[in-house]
């Protein structure tokens, strides 16, 4: 059939043919379709013209399909079924989902939900694969290039084509080991951060909140500059072991404390809140917003939405996440 002949067909003609051959009667088919018998007879005449065949012959019991009509019925039925599926709501079968998600997540946030998330994801969707890296300066670019599916962290501002949702808030804290000279002290002062070696884990000085806080401290005579800035959990733990003061998020701190406890050295590490005067200078009052972001092309993708909701729920239920405001993802 040539293209100009295909243009003579429409879905209504195919539906009319399918219904007539099932009912064996133009009048019954018309009633089933909710159209008049003359209108359906006109459609049948057009079908005969398109296919150059009588298609049906009148018998005592009704219409009998020709050999050509029987052949067409076998071809048209799956076509109508496929067309029907186009208008059906999409469904997600997690047991059959084969997809590789690439995530960029601040490690200080990742520690708050990764363990329960992995257990649940692989129980529901065993064929899903995850790649997880730290959120960095190129992450927005990679979201735009589709090499990254989802980003999570203390993210300020997003490009126009990237959607974002507030997931919760995370607090900073101090972690020291028995090797620190002030291990037996009950409370840290701002001067203690100046007078002893300082390390920070995944806290970027160029980010808005730390930058403003450091500027305000400098105005008060406190020049706090970390001796070590790292995204490595191993490097952060070695810094604590060697007597440095570590500033990090509560989730990461508790992960380190659990590790020490599992090795029988839980009493050799101590978690402390940030000094009150530093918290007062922080624009976020030490409750830093955590954003989830993704490219708008994935907004209505069912499997992507499923993953976003899984992560958001686990972060919401984390004891280390402050949930001032949780919106539907």
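From the convex hull of the Cα coordinates of segment 172-281, what is the mean projected area in square nanometres? Each step should come with its number before you reach the end.
Working: hull surface 25.1 nm².
Over all viewing directions, segment 172-281 projects a mean Cα-hull area of 6.3 nm².
Give the value in nm², to one decimal: projected area of the alpha carbon convex hull of segment 3-86, averaged over all directions.
On the way: hull surface 22.6 nm².
The directionally averaged projection comes out at 5.7 nm².
Spin-label point model (7 Å from Cα, Cβ direction): what's the residue 39 to residue 73 distance in nm?
2.5
Starting from 0.36 nm per residue, how many nanometres of slack lie between residue 302 and residue 49 once their C-alpha separation is accounted for? Could the numbers behind the result be given before it?
On the way: separation 253, 0.36 × 253 = 91.08 nm, distance 4.39 nm.
The residue 302-residue 49 span can extend by a further 86.7 nm.
Given 25 °C and 0.890 mPa s, compute D for the chain with the Stokes-Einstein relation, Rh being the Kirkwood radius over Cα pairs; round to the nearest whole µm²/s. The partial results should precede the final answer.
Numbers: Rh = 24.9 Å.
Translational D for this selection: 98 µm²/s.
Antiparallel DSSP bridges in the chain: what percent, to the nearest 5? All intermediate terms of the calculation are to be shown ahead of the outcome.
Values: 25 of 39 bridges.
The answer is about 65 percent antiparallel.
Tell me, what is the FRET efficiency for residue 185 and residue 96 to the nearest 0.05, using R0 = 41 angstrom and their Cβ-Cβ distance as r? Before the final figure, lay out the partial values.
Numbers: r = 57 Å, r/R0 = 1.39.
Rounded to the nearest 0.05, the efficiency is 0.10.
Taking the 0 to 90 degree range and rounding to the nearest ten, how far is the long axis of helix 37-51 tilted relative to the main principal axis of the chain, both from C-alpha atoms?
Around 90 degrees separate the two axes.
Throughout, read-outs are computed from the coordinates displayed, never taken from laboratory work. All values reported here derive from a predicted model rather than from experimental measurement. As a convention, Cβ positions derive from the backbone with ideal geometry for all residues, glycine included, and neighbour counts pool all protein chains shown.
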